[in-house]
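Read through the structure below, which is laid out as structure tokens, and then see the notes.
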Amino acid sequence: MNINVKRFGLTAIHNPPETATVDIVLVHGLSGHPKDTWTSDTGTFWPTDLLPHALGQSRARVLTYGYDASVQAFADGNGLGIHAITKTLVSTLVANRNFQGCSERPIIFICHSLGGLIVKRALIYSHLVSSKGVELLRSIFVSTYGLIFLGTPHDVGDRGQWSLILQYLCEAVLPQQFLQYSPHLIKTLSDNNGTIRNTNRLFVDLWNRFHVFFFYETKGIGLEEYKCVVVNEHNAAPIVEGAERAGIAADHVHMCKFDHASALSWKIMAEILSRYCTEAPRIIDAQWLEEKRERDILHRLPKTSPMDRNLERSPISLFQAYQKNLCGMYNKSQSHNHFL
């Protein structure tokens, strides 16, 4: 199937015959492409060639997202490139889904390599939105049900280990001549990008919110005598309560390219997506009900200080804050009556 995929932004590459009940969003990694990253050497673009058949009766819309995945964008020493990428991803998804009238539709993200860090950062950004004027941006966090990571470095330990992973990653996905002529960019990416390194730390408290599946590569990349696994099992599949994991018999570049429906790795991916698509609507509907209850309580609170505007958005804390505010109003009333 010949699909015209935009290099930047969202492209809907599959729409079910009836109204979709789930959005599946693919996000590529460093030096990736919204179509080529997911296309095998034989030309199989699995999101359209394999996925619709595997989903059966599940009504999923499939989208792929493209962005500036150059080393220059990732290597911004101030992290501005990463911030821009993540905010644009959230805003683009919000605009698309709002225009389609499906802002509360469940989302399943499929991420390759550093694309997983982009998605995690985007969910952190969406989660922290609290201002009433931009609440729509929070819809991505509330609607996300599943996260499927392919070779994303999560548990990278110290800075030295992170630098080594980035070095291997650049060697795997960038032309050799680029590495020779632009070594300073690789050094900047390794040494200065605290935004990327901190994303995993900031995401720790959010893991339990989502259904997570980690894929890790089992084959190395490079010359036969120097083959190395770019992101090993320990880094790509950390111990997270409730998360599932599986190895893929491919290297870092090819682990996200499925050739045919009989491949074991594809069967695992197809089962996960089919299961997530079945489970997601019920769970996300419940999350939206809870979200709306929280917003209702939050909007009833008088905004008297910055602290009030940044209340933690848990049901318990919001309810307690609401109770406290009512007590305060009552006490003021009693005090006023006393001096009449």
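The values are calculated or read from the model by the stated rules, or taken from the named source; none is laboratory data. Just so it is clear, the structure is predicted and the values come from calculations on it, not from any experiment. Neighbour counts are summed over all protein chains in view; Cβ atoms, including those assigned to glycine, are modelled from backbone coordinates with ideal geometry.
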request  = For region 109-141, name all the residues that are within 24 Å of A237 (Cα to Cα) and not in a helix (DSSP H, G or I).
outcome  = F109, I110, C111, H112, S113, L114
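Results for (1) among the hydrophobic types (A, V, I, L, M, F, W, C); (2) surrounded by fewer than 19 Cβ atoms within 10 Å (Cβ to Cβ); (3) touching a His at 6+ places or on another chain (Cβ under 7 Å), shown as yes or no for each residue.
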position	(1), (2), (3)
P16	no, yes, no
V25	yes, no, no
G29	no, no, yes
S40	no, yes, no
G56	no, yes, no
Q72	no, yes, no
V90	yes, no, no
Q100	no, yes, no
L114	yes, no, no
ask   = Taking interchain pairs and intrachain pairs at least six residues apart, which have beta carbon atoms under 6 angstrom, with the first residue in region 144-155 and at positive phi and the second part of a loop (DSSP other than H, G, I, E, B) and surrounded by 23 or more Cβ atoms within 10 Å (Cβ to Cβ)?
value = G151/S113; G151/V231; G151/H252; G151/M255
inquiry  = Tell me yes or no: at least one residue of region 292-313 is at pLDDT 90 or above and within 22 Å of the chain's Cα centre (by Cα).
reply    = no
remark   = Those residues of region 201-260 that are in contact with a helix residue (DSSP H, G or I) (Cβ under 9 Å, 6 or more places away or on another chain), under 25 Å from A280 (Cβ atoms) and among the acidic types (D, E) come to a total of 2
query = For region 1-22, does any single residue satisfy the condition of being at positive phi and either modelled with pLDDT of 95 or more or in contact with a Leu (Cβ under 8 Å, 6 or more places away or on another chain) (or both)?
reply = yes
